[in-house]
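The values are calculated or read from the model by the stated rules, or taken from the named source; none is laboratory data. These numbers come from a predicted model, not from an experiment. Counting neighbours? That spans all protein chains shown, and the Cβs are built from the backbone with ideal geometry, glycine included. Protein only, heavy atoms only, side chains kept; ligands, DNA and RNA dropped before computing areas. Shrake-Rupley method; radii C 1.70, N 1.55, O 1.52, S 1.80 Å.
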Amino acid sequence: STRTGCCVVTGAITEAEAAGLLFMYEEEKMARDVYAYFATLYTLPVFRNITKSEQAHMNAVKNLILGFKVEDGEILEKGAGEFVNAELAALYTELTAKGKASLKAALEVGVLIEEVDIEDLEAQLLTVINPSVKTVYTNLLAASKVHLKAFSSKL
């Protein structure tokens with residue numbers, strides 16, 4: 001097993017797990033990019049703080065992508081607001097536009113992003129077998145629940 005930064009990369013992963021990692025990386029990135037954008041519009045620290053947290057999540061998933069040598073199709077090279085996944089790209093555009101309307105709308109977007117993230121992570125955790133992937137997803141799930149509380153409490 002190889003240690004890359006934060007996580008031990010053990011065993012092999014299935015094609016489904018590899019695809020899941022690429023999707024989860026971009027989903028965390030979409031969250032980071034949306035929150036980073038909101039942080040430029042609103043002074044509320046929650047956006048800045050959670051942007052940092054999402055970056056840490058991206059790094060954790062990226063370590064797995066690199067550690068398992070997953071062919072990432074330049075996903076890791078994308079700039080802010082740029083995505084390989086067309087659905088996430090469309091979602092980024094829709095959610096940034098929605099959150100621009102008001103602080104309340106931006107907080108509601110935060111709630112939505114975290115709820116979707118929790119759903120997707122829970123779905124992944126039902127099928128993931130690899131212990132390294134399972135550990136990272138379990139940590140991300142716990143963090144997303146904290147983020148959800150943080151956004152909800154401000155509404």
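What the table shows:
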quantity: Solvent-accessible surface ranking, highest first, for Ile13, Ile118 at 1.4 angstrom; calculated: Ile13, Ile118
quantity: Residues in the range 84-99 that a label on Thr40 would reach, taking backbone N under 13 Å of a point 7 Å out along Cα→Cβ; calculated: 96-97
quantity: In Å², nearest 10: area of Ser53 left accessible to a 1.4 Å probe; calculated: 30 Å²
quantity: Solvent-accessible area, 1.4 Å probe, carbon plus sulfur percent, for the chain; calculated: 58 percent
quantity: Per residue value of the accessible surface for the range 1-152 (all protein chains in place, 1.4 Å probe), Å²; calculated: 49 Å²
quantity: Whole-angstrom Cα spans of the chain along principal axes, big to small; calculated: 46, 28, 25
quantity: Efficiency of FRET between Val8 and Glu87 - r from beta-carbon atoms, R0 22 angstrom, step 0.05; calculated: 0.10
quantity: Rounded Å value of the spacing that divides the Cα centres of the range 82-103 and the range 17-81; calculated: 14 Å
quantity: Cα long-axis angle, helix 131-154 against the chain (0 to 90 degrees, to the nearest 10); calculated: 10 degrees
quantity: Shape call, the range 70-155: gyration tensor on alpha carbons, a/c limit 1.5; calculated: oblate
